[in-house]
Amino acid sequence: MNGHLGDMYEAFFLVPVGLVGLWLLQRGSPWGPMLIAGIAANLTYNYAMVVSGRQNLWVFFWIVKLALSGTAVCLAWGLLPPGPSRLSSHRFLVIGYLGLVLVVFGRLMGLRLLASASGRALDMAMRESGPLDWGEPFLRDPIVFFSLACPVMIAAILGLWQGANWGGRAASLSSAWILSILTLILFTGPLKEFLLNGSVSGPMLGMSAIMVMAAIPAVWSLIWLATSSASSVS
């Protein structure tokens, strides 16, 4: 069921947002590259999880998606807002937010990685979820997080601290990815539980509330990066 929900998420959310991003890119808006990069990073992250597990004949299609989305991230990189080079309180707020996400998500992902390494499985709400099944992409989430997302966020923090253009671009990519991946978690986590059980449990509701709270600073970060880039160009 989670696979079908993921397909619906891509078809009815990612594709329309991507079309909006292409339209904004054509109009020269800094939001265009951020939307495209966020969606491409989302797909890269998700299909890196999919292709690294149990395979079937769909793997060839998944590899194409992974290759195209990863290429799109590279192509969009130079178009992302670099952020202002001057020191400001806003820049340190973005650094603090990304650092907090890195610590909180790193802890959660680390606990899940340790659990799976010791033969246990934890679900999104950090509950025991039965025996390990490496055919479930969710179990490979921590590996992809530490391999892909974590280095980009570290680069964003270091680059913003130094006032480098690549730091602003990494922060734009990180914030856009955080926002897109949180929408995926909200779409597949609580909705899947509701479809299976007819209700959403307390731990899942609590996790969903945390995801929503984490998304708000990501939106603010993107707004600051986009507006500061536009003002510096003008």
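Quick look at the values:
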| item | result |
| --- | --- |
| Selection from the stretch 64-94 of residues that are closer than 11 Å to residue 43 by Cα and in contact with a Gly (Cβ under 8 Å, 6 or more places away or on another chain) | none |
| Qualifying residues in the stretch 13-55 (those that are among the hydroxyl-bearing types (Ser, Thr, Tyr) and touching a Lys or Arg at 6+ places or on another chain (Cβ under 8 Å)) - the one farthest from residue 172 (Cα to Cα) | 52 |
| Test: residue in the stretch 194-201 that is without any contact (Cβ under 8 Å) to a residue 60 or more places away in the chain, among the β-branched types (Val, Ile, Thr) and within 20 Å of residue 93 (Cβ to Cβ) | no |
| Neighbours by Cβ (under 8 Å, 6+ apart or cross-chain): first from the stretch 104-130, within 18 Å of residue 150 (Cβ to Cβ); second charged (D, E, K, R) | 109/141; 112/141 |
| Selection from the stretch 109-138 of residues that are of a type in the set (Lys, Arg) and touching a strand residue (DSSP E or B) at 6+ places or on another chain (Cβ under 7 Å) | 112, 120 |
| Unique match (being assigned to a loop (DSSP other than H, G, I, E, B) and either under 22 Å from residue 218 (Cα atoms) or out of contact with any Leu (no Cβ under 9 Å at 6 or more places or on another chain) (or both)) among 91, 54 | 54 |
| Output for the stretch 1-25, where each listed residue is at pLDDT below 90 and in contact with a Phe, Trp or Tyr (Cβ under 6 Å, 6 or more places away or on another chain) | 9 |
| In the stretch 214-230, the residues that are hydrophobic (A, V, I, L, M, F, W, C) and over 15 Å from the mean Cα position of the chain (by Cα) | 220, 223, 224, 225, 226, 230 |
| Some residue of the stretch 122-131 being among the basic types (Lys, Arg) and buried (at least 20 other Cβ atoms within 10 Å of the Cβ) | no |
| Total residues in the stretch 110-121, condition surrounded by fewer than 16 Cβ atoms within 10 Å (Cβ to Cβ) and either in a helix (DSSP H, G or I) or within 22 Å of the chain's Cα centre (by Cα) (or both) | 4 |
| Residue 45 assigned to a helix (DSSP H, G or I) and at pLDDT below 90 | no |
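Here is a yes/no grid of residues against (1) exposed (fewer than 13 other Cβ atoms within 10 Å of the Cβ); (2) part of a helix (DSSP H, G or I):
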position: 135; (1), (2): yes, no
position: 154; (1), (2): no, yes
position: 168; (1), (2): no, yes
position: 176; (1), (2): no, yes
position: 191; (1), (2): no, yes
position: 194; (1), (2): no, yes
position: 206; (1), (2): yes, yes
position: 216; (1), (2): yes, yes
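The values are calculated or read from the model by the stated rules, or taken from the named source; none is laboratory data. Model, not experiment: these values are computed from the prediction. Don't worry about glycine lacking a Cβ; one is built from the backbone with ideal geometry, like all the others, and counts go over all protein chains shown.
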